[in-house]
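The values are calculated or read from the model by the stated rules, or taken from the named source; none is laboratory data. Predicted model, so just to flag it, every value in this text is computed and none were measured. As a convention, Cβ positions derive from the backbone with ideal geometry for all residues, glycine included, and neighbour counts pool all protein chains shown. These accessible areas exclude ligands, DNA and RNA; they are computed on the full protein's heavy atoms, side chains included. Shrake-Rupley method; radii C 1.70, N 1.55, O 1.52, S 1.80 Å.
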Amino acid sequence: MKKKTGLFNQRGFRLFLMISPLLLLVFVFSYMPLYGWIYAFFDYKPGRALLDCEFVGFRNFTRMVADKYALEELANVMKNTFGMSFLGILCAPLPAIFAILLTEIPSPKIRKLVQTTTTIPNFVSWIIVYSLAFNIFSTGGVFNQTAMKLGMISEPTNILANEDAVWYFQTALGIWKSLGWNAIIYFAAIAGIDGELFDAASVDGAGRLQKILHITVPGIASTFIVLLLLSASNILSVGLDQYLVFHNSMVADKIEVIDYYVYRLGLITNDYSYATTVGILKTIVSVTLLFSINGLSKKIRG
């Protein structure tokens with residue numbers, strides 16, 4: 001008798017039941033909201049039933065390319081989004097480097113202390129981060145006051161209102177907040193490397209740096225590539241919270257990313273239909289990037 005495989009055997013069915021609540025959550029929160037895309041095809045007005053609003057078809061989609069002002073706005077938003085995402089991708093090796101350096105610390109207590117300390121910022125809300133940044137980097141903040149007393153600068157400078165530095169400043173804040181958390185998966189990858197490889201390298205006379213370059217780095221390379229591909233496919237999903245709390249009139253043109261743009265269109269200007277249209281564009285581009293990068297990964301890595 002042919003043995004049943006996959007979902008149809010007893011173990012497969014049990015595993016399916018275990019993940020079914022998670023699948024349900026994904027369906028409810030990721031797929032059911034797609035029904036809202038219908039708003040992009042109507043001239044929706046808050047307070048009115050959707051079917052009572054004018055059906056405009058693809059007018060909101062053509063507006064993105066036909067309206068000069070809307071096109072310029074979208075182009076600036078996409079430039080900001082891609083710019084800050086690209087800086088984030090350039091800094092992608094930092095969690096791996098941090099994990100490697102931390103595992104080289106001989107004292108377990110110090111390792112745990114450093115790992116815990118660098119992971120905590122991930123659980124701090126962006127509102128608290130903004131409060132800290134304001135007290136440190138604003139015109140009357142600790143940084144300016146200290147630098148002026150030491151004679152390093154003659155007059156205070158407000159980094160939070162410097163549009164030339166906003167991309168780098170926001171990238172640095174993102175790295176500080178997520179470095180320890182993102183390094184956790186690399187700690188797991190390093191722990192999964194066969195210890196006998198390090199013992200054999202020690203017998204052959206390899207130093208600490210040689211072990212890192214020839215054992216640790218190749219051991220976590222596949223993990224790094226997977227995470228890098230995921231980051232590249234989510235290049236448009238830079239988030240909202242960070243840029244919402246740090247947004248001000250001085251840096252508005254440089255800090256407005258696509259998520260904030262959709263928020264502003266929908267909840268500030270009440271242009272729900274066009275905001276939905278821009279959201280659809282983001283989804284289409286993200287899905288296209290995901291499949292393209294996945295196909296490229298298959299060709300490169302087999």
Handout entry: Most fluctuating residue given options Leu24, Leu90, Leu229, as computed from a GNM of the chain linking Cα atoms under 10 Å
Key = Leu24
Completion exercise
accessible surface per residue for the stretch 134-242, probe 1.4 Å, DNA/RNA/ligands not counted, whole Å² -> 58 Å²
Completion exercise
Here the relative contact order (percent) of the stretch 183-302, from C-alpha pairs under 8 Å and at least 6 apart, is 24 percent
Exercise for the section: Using only alpha carbon pairs under 8 Å that are at least six residues apart, calculate the relative contact order of the chain and give it in whole percent. Expected result: 24 percent
Handout entry: In Å², nearest 10: area of Glu155 left accessible to a 1.4 Å probe
Key = 130 Å²
Handout entry: Hydrodynamic radius by Kirkwood, which averages 1/r over all alpha carbon pairs of the stretch 170-267, in angstrom
Key = 16.8 Å
Problem - Residue with peak Gaussian network fluctuation, the chain [Cα springs, cutoff 10 Å], from Ser233, Ser125, Ser202 - result: Ser202
Problem - Mean-position separation - Cα centroids, the stretch 8-87 and the stretch 141-215, in angstrom - result: 35 Å
Fill in the blank from the handout: Contour minus Cα-Cα span, Ile193 to Tyr69, at 0.36 nm per residue, comes to 39.2 nm
Handout entry: Estimated dipole of the stretch 1-123 in Debye, rounded to 20 [Cβ of Lys and Arg +1, of Asp and Glu -1, Cα centre]
Key = 960 debye
Exercise for the section: Counting helices only, and only those DSSP H runs with n ≥ 4, report the 222 nm mean residue ellipticity of the chain as the sum of -39,500 (n - 2.57) divided by its residues, in deg cm²/dmol to the nearest 500. Expected result: -20000 deg cm²/dmol
Handout entry: Rel. contact order, % - alpha carbon contacts under 8 angstrom, at least six apart, the stretch 15-151
Key = 8 percent
Handout entry: Apportionment of accessible area to carbon and sulfur, the chain, percent (1.4 Å)
Key = 67 percent
Exercise for the section: Using a 10 angstrom cutoff on alpha carbons, build the Gaussian network for the chain and name the most mobile of Met32, Met250, Met78. Expected result: Met32
Fill in the blank from the handout: Here the membrane-span-like helices of the chain, with no claim about any membrane, defined by DSSP H, Cα axial extent at least 18 Å and mean Kyte-Doolittle at least 1.6, are 217-233
